[in-house]
Every structure is written in structure tokens, then in C-alpha cells.
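> Take a look at this one; I'll ask things after.
The values are calculated or read from the model by the stated rules, or taken from the named source; none is laboratory data. Since we're looking at a predicted model, the values are computed, not measured. Methodologically, a virtual Cβ is constructed for each residue, glycine included, from the backbone with ideal geometry; neighbour enumeration extends over all protein chains shown.
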Amino acid sequence: MPEDASADEGKELFASGHRGCAGCGEMNAVRQVLAAAGPNSIVANATGCLEVATTAWPETAWEIPWIHAAFENAAAVASGIDAALTQMKKRQGVNVFAFAGDGGTFDIGFQAISGMLERQQKVIFVVYDNEAYMNTGIQRCSSTPYGASTTTCPSGTCSIGETKAKKPMAMIVAAHGIKYTATATIGYHADLKRKVKRACELEGPCFLHVLAPCPTGWRHDSADTIELSRLAVETGMFIMWELEGKNLKDIKLSRKPKERKPVVEYLKTQGRFRHLLKQPAVLEQIQKDVDEQCAQFGF
Ligand SMILES: Cc1ncc(C[n+]2csc(CCOP(=O)(O)OP(=O)(O)O)c2C)c(N)n1
Ligand SMILES: [Mg+2]
């Protein structure tokens, strides 16, 4: 790593030519996060699409130190890096990241994350959330939203698709009383980058939840990835907020839509929700749930 990070300012840290799908939201998320964090960064990456698409031997898209982690333990590997650098007195000025998909965060990585947060380690955990296990074939997980069709909860005559609500992961993380918790989407670049920079400044665990649409799993046009991540916010399906410290009363809304659009505007753009357009009662339920969620944030 360079001694003087400013010498590398503006350098692309996530190379093109990787094998991400056209319009992949998580590739975009990673590029933005690294651009904001700069070259003095180390990434421990849980397996998933990101790893598979960026590290096919003998090539790599990573222009910074990067290490493979198993599906469940990105937070534990990053914890080890934090401890080792501290022990070697080389911790100063280095951003230690754990990157994982929603499966590697909300589900199987949950225990390792909770331990890392509880130990108050100086790790920035970034989850790029595409709302299913995409790498292994679009299986549902606990971040899959109500009503979405996946290969393990397909919609059909007897099923509306996913029947459970999305796990409130960022809220659960915030309840650990860590330095910084924030939610963001790739559609609002400046907001995401500001949040990454804030996390890099703080001395302690930070968590960034980044919504990252997946054209393959969500079945939307690959040109619409950015637009969709904004529509998620404009409809209230995804709320952008941040919290410094442990008092939930200090949560700040990052973006309040001027006029909230109906959720159907968002749902109708994606094949995974299209079956719902013929099910007004389910649409009504989703709108009601979103209204309640937004009311908690005062809009
Ligand atoms: C213990 C274990 N179980 C299952 C797998 C298979 N596996 C690899 S990646 C993956 C899904 C990843 O989903 P997510 O974390 O959401 O990342 P995405 O691919 O969607 O970016 C699964 C099930 C594994 N590698 N290890
Ligand atoms: Mg995923």
C-alpha cells in the first residue's frame, strides 16, 4: 500500500473487464465504495456473485489488497485483519472492509457480524443487497421482499412468491450500539460516497446497507438499474437513513421523497413482482406495509 494515499487519488480501484452481468448493481456499488474510500483499503469478501465475477484465475478486478472469505465469515476475516494490523502497529490510516451479499449478511454471515460488532472492531461492513442468493441461482433469503418470486419461492396458482417480510437488518445492527449505521442505494452516488467517507473517519464498527438491483434476478432491463434503485426510495420501499451512535432517536433520514409514489410503480418494472399486478389484495397489503414503515420515519 502506498504511504501517501493522495498520490493515488482518483485512480480506478475496481477494474473494468470483470464478469458481472450488464447493469449489475453490486459491481456499481463496489466501484463507488472504493472510489470514496481510496487506495489504503483492504477488503475481505464473502463468496457470492461479486467474488466469482471478479477473481476468475488468472485475473482480478481488484486494485487493492483483497482476500477471499467463505460465505459465512467475511466479518471474522476482517476482524482478524484489524487485529493483526493493530498488533503490527500498522493500523493507522487503513480502511478494513468486509463485503458480502445479502445472503452472506442477513442469513449465514449474521453470527460473525454480530460478534465483530460486539467486539467493537474497526471494520466497515458493506452489504450489497440484491435481495436473494443470486450467484447460486436466485434463491430466496431473509432479505427477499414479500411477494417476490424466486426459484425457491416461485409464484404460481398456489403461491404469491415470498410470504415473509424482509429482515430489518440495518436496525438489528444499529441495536448493537455501534459507531455508524447507514442505508444507501447506488442511485444516489453522492449520498453513498459521503456515508463511506464518514465510516472511514470513525474509530469503531460501521455498517452500510446498499440496495443494489440485479437485472438477472429481478428481471428488469439492465439499463434501468440506477433508475430502479431511485424508484425504490421514491416509493418508500427502501428508506435511506443514517445513525451515529446507539440512540435510535438520532436516526437521520437522508432523503425524503417530495411526493411518495405508489409502490406499484416500482413493482411493475420487475418480472419477479409481475404476477402481483393481478392480485390487488396483495398489492394493497404491500402498500399498507410501506405506509406504516414510512410513518415510522415521519413521512
Ligand atoms: C456454507 C456455504 N453454503 C452455501 C454456499 C453456496 N453459495 C455460494 S454463494 C451463495 C449465494 C450468495 O448470495 P448473496 O450473499 O446474496 O450474494 P449474491 O450472489 O447475491 O451477490 C451460496 C448459497 C457456500 N459457498 N458456502
Ligand atoms: Mg444476494
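> Evaluate the following for L192: is it within 17 Å of V126 (Cα to Cα), in contact (Cβ under 8 Å) with a residue 24 or more places away in the chain and part of a strand (DSSP E or B)?
No, not satisfied.
> How do the pairs read when you match residues in region 141-170 that are over 21 Å from A212 (Cα atoms) and surrounded by fewer than 21 Cβ atoms within 10 Å (Cβ to Cβ) with residues anywhere that are at pLDDT 95 or above and not hydrophobic (A, V, I, L, M, F, W, C), using Cβ under 8 Å and keeping only pairs 6 or more apart or on different chains?
These pairs meet every condition: P154/G161; S155/S149; S155/G161; S155/H275; I160/G147; I160/H275; I160/Q279; T163/Y146.
> Additional query: Please verify whether region 53-66 includes one or more residues that are within 18 Å of the chain's Cα centre (by Cα), closer than 23 Å to R219 by Cα and modelled with pLDDT of 95 or more.
yes
> Checking S114 against (1) assigned to a loop (DSSP other than H, G, I, E, B); (2) surrounded by fewer than 23 Cβ atoms within 10 Å (Cβ to Cβ); (3) away from ligand 1 (no atom under 12 Å from the Cβ); (4) not basic (K, R), which single condition isn't satisfied?
Here S114 meets the rest and fails (1).
> Return the only residue of P58, P39 being part of a loop (DSSP other than H, G, I, E, B), more than 16 Å from ligand 2 (Cβ to nearest atom) and surrounded by 14 or more Cβ atoms within 10 Å (Cβ to Cβ).
Of the residues listed, the single one that is part of a loop (DSSP other than H, G, I, E, B), more than 16 Å from ligand 2 (Cβ to nearest atom) and surrounded by 14 or more Cβ atoms within 10 Å (Cβ to Cβ) is P39.
> A further question follows. Does region 276-288 hold any residues that are surrounded by fewer than 18 Cβ atoms within 10 Å (Cβ to Cβ) and either without any contact (Cβ under 8 Å) to a residue 24 or more places away in the chain or not in a loop (DSSP other than H, G, I, E, B) (or both), and which are they?
Listed by number, the residues that qualify are L277, K278, P280, A281, E284, Q285, Q287, K288.
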